[in-house]
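Heads up: the structure comes next, in structure tokens.
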Amino acid sequence: MPMPRGTELPPADTAAESTRPHGGDRGPGLEPEDFEVVPARHYGRWVASLAVLVVVLQFTHGLLTNPVWEWRVVASYLLSESIVNAVGVTLQLTAYATVLGFSLGTVLAFMRLSASPVLRTVAWTYIWVFRSIPMIVQLVFWFNLGALYRELGIGIPFGPVFASVESNTLIGTMGAAIIGLSLHQAAYCAEIVRGGILAVDRGQWEAAAALGIPRLRQMRRIILPQAMRSLLPTAVSEVVSLLKGTSVVYVMAIGELFYQTQVIYSRNSRVIPLLLVATAWYVALTSVLSVAQFYAERRLARGVDGAPPPSPLRRLRRLAARPEKPAAPAAGGPR
């Protein structure tokens, strides 16, 4: 339908909304504010949201009213000394394996990117082997290292040994768990780091080389800061997976969170409440990591995507400070 001459189109952000002239007057000389904006109604979206809310409320109701959960037992064990100590062991395993795994993984990533075929082959073989063997199998191997090698020594390769010590004395149960988790983690971290470096545009390398910047400085000041933006989400997800994966060390009888939970419910037969205690702690710890990831991504996004996304607290402040919309004038009234 032809528009009256002198009438401007509505703004682009309201293009999806239907408009109609107020009061039915379509004569010439109309201004954009003479049109009443009618928001689009998404009935399908409302029905889907309502169905999801019903399911969530039903699940929450069952969670709160089902006596099998035994919330009083959960509350009594949630901050008990044995559980808190087990959480500390879980955090130690996660921290050690994260630091060692990413350190070794970074070395493996650069080996895979090296021009040397020997380094590339060794790194590829390591990643292939350690990603192919389940973590629990690797842990059991390291736990039985003393049966494979009774002594570990320092000397000349294929020659005399100058000093040696018993394997079980050098590597205890906790050490074997950290070694197993770190070596397993390094295989995945290597691919994460390598993917982040490859995601940096090749022109960045060429521009840095054209400016005469040394190779090590190129990597430290130009490539790695850009690679961090692409590898950070995957790296944090890997740490979260490792945090939960530490429960596998129960096969070595280490008192981490899941193992301690098993010990307690094997004594009092309160299986469901104790599993709920472990679940609550895992959810809390992964939530902390997710919050740290959010703020780390905001910091790395500065100067790249313009203004970083607002934090949830800032969004709440904006929502609370949002001014009320002025009331629409009555039909046929003055504008």
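The values are calculated or read from the model by the stated rules, or taken from the named source; none is laboratory data. Fair warning: this is a prediction, and the values are worked out from it, not measured in the lab. Note that we place each Cβ from the backbone using ideal geometry, even for glycine, and neighbour counts take in every protein chain shown. The accessibility values were calculated without ligands, DNA or RNA, using every heavy atom of the protein model including side chains. Shrake-Rupley method; radii C 1.70, N 1.55, O 1.52, S 1.80 Å.
Odds and ends about this structure:
- Selection count where residues are of a type in the set (Asp, Glu) and either in a helix (DSSP H, G or I) or open to solvent by less than 30 Å² (accessible area, probe 1.4 Å) (or both), scope the stretch 197-218: 1
- The residues listed here are Val52, Val68; of these, the one that is in a helix (DSSP H, G or I), open to solvent by 70 Å² or more (accessible area, probe 1.4 Å) and modelled with pLDDT of 95 or more is Val52.
- A Cβ distance below 8 Å, combined with a sequence gap of six or more or placement on separate chains, defines the contacts here; from the stretch 256-268, residues that are hydrophobic (A, V, I, L, M, F, W, C) reach residues that are open to solvent by 40 Å² or more (accessible area, probe 1.4 Å) and modelled with pLDDT under 90 in the pairs Phe258/Tyr250; Ile264/Arg270.
Table: residues versus (1) modelled with pLDDT of 80 or more; (2) open to solvent by less than 50 Å² (accessible area, probe 1.4 Å).
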site	(1), (2)
Ser132	yes, no
Phe141	yes, no
Leu145	yes, yes
Tyr149	yes, no
Ile154	yes, no
Asn168	no, no
Gly172	yes, yes
Ala177	yes, yes
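- Neighbours by Cβ (under 6 Å, 6+ apart or cross-chain): first from the stretch 22-42, among the aliphatic types (A, V, I, L, M) and at pLDDT 65 or above; second open to solvent by less than 40 Å² (accessible area, probe 1.4 Å) and part of a helix (DSSP H, G or I): Val37/Thr14
- Conditions (1) within 25 Å of Leu183 (Cα to Cα); (2) part of a helix (DSSP H, G or I); (3) of a type in the set (S, T, N, Q); number of the one not met by Ser114: (2)
- Qualifying residue in the stretch 116-125 (condition: in contact (Cβ under 8 Å) with a residue 24 or more places away in the chain, within 23 Å of Ser241 (Cβ to Cβ) and among the aromatic types (Phe, Trp, Tyr)): no
- Residues considered: Arg221, Arg194. Of these, the only one that is surrounded by fewer than 18 Cβ atoms within 10 Å (Cβ to Cβ) and within 30 Å of Arg302 (Cβ to Cβ) is Arg221.
- 3 or more residues at pLDDT 90 or above: qualifying helices (runs of 4 or more DSSP H) within the stretch 229-335: 257-268, 271-300
- Scanning the stretch 257-277 for residues that are within 27 Å of Asn144 (Cβ to Cβ) and touching a Phe, Trp or Tyr at 6+ places or on another chain (Cβ under 7 Å) returns Leu257, Phe258, Tyr259, Gln262.
- Screening the stretch 238-251 for residues that are farther than 18 Å from Thr286 by Cα and buried (at least 19 other Cβ atoms within 10 Å of the Cβ) and picking the one that is nearest to the chain's Cα centre (by Cα) gives Val249.
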